[in-house]
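All of the numbers you see were taken from the coordinates with simple rules; none came from a lab. Computed from a predicted structure; not experimentally measured. Here Cβ is always computed from backbone atoms with ideal geometry, including for glycine, and neighbour counts include all displayed protein chains.
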Amino acid sequence: MKWDAVQISTERSSRVLDNGKRSIHMSWLLFVFFYAIFANVPFWAASYYLGLLPVGWFCLEYAGVGLFALFVPRIVAATLLMLIIAVDLVSAVSKTYYLSPSECLANIGALYEFHGARFLAMATVASFILLVFSIAAFFPRAAIGKSNRFRTAACLIAFAAIAMFVDCFEIVRETGHMPSLFRVARPSDKNKYSDYRNLWIARYPLIRLKINQMYFGGSHNVPSASEADFAPIPSASALAARSAGLSEGKSNKEMPNVVVVLVESWGLDSDLPVRDSLVKPYSLPNVIARYEVLQGTVPFYGSTIAGEARELCGNHLGFHILNISTQEAQGCFPDRLSALGYHSLAVHGLDGHMFNRSTWYRKIGFQEQWFGDELRKQKLPDCAGAFVGTCDAEIAEWIGRRLEKQDASPDFVYWMTLNSHLPVPIPSGLRAGAPCLLIPLLSQQQSLCSWYQLVSNVHYSISLLAMTKLARPTIFVIVGDHAPPFANPTLRNQFSSTDVPFVLLLPRKNGGIVGKIRN
């Protein structure tokens with residue numbers, strides 16, 4: 001009996017040792033899985049729920065944090081991992097919305113303008129971040145044991161090396177040479193993203209922060225901030241000003257009204273049927289009889305604010321326009337036109353605190369401002385979207401009523417549209433949206449169809465506005481701010497990464513055109 005008891009005890013001890021070895025074996029494998037794969041879950045969730053570009057599957061810097069986590073306290077490793085996740089998400093937001101990283105951080109307060117569904121999506125992403133932090137902070141690193149640390153580190157390094165090799169191989173295949181440290185990019189990856197067939201295996205958020213700051217922060221291909229930011233650049237508004245002789249400061253007996261409409265996310269589509277269909281309202285016989293219609297493109301850089309700086313001030317100011325000085329603002333159109341006797345007003349369907357517009361609009365010379373709160377008091381309804389704000393079609397009608405009134409001075413009206421801001425609602429929510437079935441590409445992509453309907457709605461509304469009984473001849477400038485920032489790389493690649501379209505409506509007078517275009 002004693003011998004049997006000893007044998008049973010020995011077998012139990014053996015099973016405990018075997019279970020302990022398996023536990024240790026599983027611990028280091030779980031550690032590798034966590035820092036190489038699972039830590040990416042918040043980014044994947046953000047790509048899905050928040051519409052961010054999928055700029056690579058795995059973050060190699062998470063694997064780097066895993067190496068540190070083998071030797072530093074767990075709370076230190078967890079905190080470092082959270083910082084890298086934050087950098088990863090900022091890098092993706094920057095890439096998706098043509099914002100420099102510094103602009104993303106400076107305007108983080110704009111998040112309060114999101115509607116409930118977007119807050120729910122952000123809460124979902126935040127819950128995944130909290131889960132990753134908790135695992136990193138409480139992972140039983142001691143169970144790995146000293147003997148398996150080398151094996152764990154070797155696996156993380158091998159994982160990173162393989163991912164980097166695949167990406168570098170793709171770059172060499174496309175360019176014929178190895179990339180430099182801060183230019184880990186393909187030729188097609190400058191301001192857009194390659195399609196899923198060529199998707200990056202690895203993410204390098206710290207490197208991408210540097211690249212995005214360079215591309216979207218105003219320093220890429222720009223001689224210097226002091227010289228280039230205020231240098232004239234091509235803009236549709238400048239062309240319109242020349243057409244009426246306003247750029248030379250000339251005053252006519254009957255100076256025309258000027259309406260500049262910056263259309264949110266109206267990019268230059270490579271699909272000709274889509275591109276032509278959007279501007280079809282300006283080719284109607286009654287519009288052509290009343291206006292000379294000019295179409296073209298202008299270069300874009302950066303986000304919506306950069307587009308506003310381009311069209312209102314004709315320069316590379318970008319986000320610096322939020323802090324523009326009185327002296328710098330003297331070259332902007334509202335200030336210049338006010339000197340010619342124009343009354344200037346700006347209209348936008350969101351709150352005036354968004355991107356501090358209520359402040360810098362006033363600085364650059366707008367005498368009157370209308371934002372979402374004021375427009376609601378005028379009984380203009382709101383429309384759903386990425387940001388809930390005044391419906392674009394209602395604002396077009398409101399501007400028309402303003403311009404029907406006879407005033408002693410001409411008006412300069414600037415309207416920044418809203419409803420086509422991405423991610424767009426699906427369906428678009430329009431009661432009579434433009435049909436998508438007639439164009440195959442639109443019928444195959446719901447998000448593209450919604451974008452098309454919302455942008456088309458703006459153009460149709462402006463064509464109706466242009467045909468109302470206006471108090472004086474009116475020049476209309478309709479221009480995009482930037483390409484639509486679709487999260488789907490295939491859709492994103494459909495649009496030019498450098499140019500946006502514009503349409504000018506120049507009023508005919510006695511068989512001619514008010515003003516004359518001067519080159």
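What the table shows:
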quantity: Packing-based order for 407-416, 480-489, using average beta carbon neighbours within 10 Å, highest first; calculated: 480-489, 407-416
quantity: Out-of-range pairs (alpha-carbon distance over 29 Å; input LYS95/LYS377; LYS377/LYS405; LYS280/LYS363); calculated: LYS95/LYS377; LYS280/LYS363
quantity: 19 Å cut-off, amide nitrogen to a point 7 angstrom out along ALA158 Cα→Cβ, residues in region 23-56; calculated: 24-38
quantity: ³J(HN,Hα) computed for each position of region 69-85 - Karplus, 6.51 cos²θ - 1.76 cosθ + 1.60, integer Hz, glycine/proline x; calculated: 5, 6, 10, 10, x, 4, 5, 5, 5, 5, 5, 4, 5, 5, 5, 5, 4
quantity: Residue-span extension gain [THR468 to ARG173] - 0.36 nm each, minus C-alpha spacing; calculated: 100.5 nm
quantity: Length added when fully stretched, ALA384-LEU105, from 0.36 nm per residue minus Cα-Cα; calculated: 97.9 nm
quantity: Distance between modelled label sites at ILE426 and LYS405, nm, 7 Å Cα→Cβ extension; calculated: 4.3 nm
quantity: Calculated FRET efficiency for the pair ASN323/VAL41, C-beta based, R₀ 35 Å, to 0.05; calculated: 0.40
quantity: Footprinting exposure proxy for LYS210, LYS95, LYS377, LYS363 (fewest neighbouring C-beta atoms within 10 Å first); calculated: LYS377, LYS210, LYS363, LYS95
quantity: Two-site FRET efficiency, SER443 against ALA137, from Cβ-Cβ distance with R₀ of 45 Å, rounded to 0.05; calculated: 0.40
quantity: Equivalent ellipsoid semi-axes, region 272-431, via Cα gyration tensor eigenvalues times 5, rooted, Å; calculated: 25, 21, 19
quantity: Protection proxy ranking, peptides 260-267, 35-42, average beta carbon neighbours within 10 Å, highest first; calculated: 260-267, 35-42
quantity: Highest average packing first - 285-293, 157-165, Cβ atoms within 10 Å; calculated: 157-165, 285-293
